[in-house]
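Beneath this line is the structure, given in structure tokens, with notes to follow.
The values are calculated or read from the model by the stated rules, or taken from the named source; none is laboratory data. Keep in mind it's a predicted model, so treat the numbers as computed, not measured. All Cβ positions, even for glycine, are placed from backbone atoms using ideal geometry, and neighbour counts span all protein chains on display.
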Amino acid sequence: MKIILSDLVGLTLDNDDANTSQIQKVLNACIEDYADDFVQDMSHISQAANYSGNIKVDEIVHLKDNLYRCDYSYDWAIAWTCSGVQEGGRVKEKVRFTLEPSGELQFKFLKLDA
């Protein structure tokens, strides 16, 4: 998945806490718009588990050069309508991405074939 964030144009690509904080802030401001891409398969929880919101970038880690890791989390829920019981929790995920000086982020989600 590729997105361009104008607030990151010209950001120097180095291991600077200010940079990773800036990337985290900018991503947090728009990540809900991309929730369909960031929310992964939850069948390891249950076939009935659904995304219930509150997606958030927890941390950005500089790995090397222009390669970063985004640690993020979101809420899930299962509504057992026949019993009136609701279960829920929080999923923590990680995805690597590259950042170009143009503000382009290329996320490399792991997709498993069934």
Give the residues of segment 8-31 that are surrounded by 14 or more Cβ atoms within 10 Å (Cβ to Cβ) and at pLDDT 90 or above, sorted by residue number. LEU8, THR20, GLN22, ILE23, GLN24, VAL26, LEU27, ASN28, ILE31
Among the residues of segment 17-36, write down those that are within 17 Å of TYR51 (Cα to Cα) and of a type in the set (Val, Ile, Thr). ILE31
Could you check segment 49-71 and list, in sequence order, the residues that are surrounded by 18 or more Cβ atoms within 10 Å (Cβ to Cβ) and among the charged types (D, E, K, R)? none
The lone condition ASP41 fails out of (1) within 16 Å of SER73 (Cβ to Cβ); (2) of a type in the set (D, E, K, R); (3) at pLDDT 90 or above is (3)
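Here is a check on your reading of the model: is ALA114 farther than 23 Å from LEU11 by Cβ, at pLDDT below 80 and part of a strand (DSSP E or B)?
Working: farther than 23 Å from LEU11 by Cβ: yes; at pLDDT below 80: yes; part of a strand (DSSP E or B): no.
Here the answer is no, as ALA114 does not meet what is asked.
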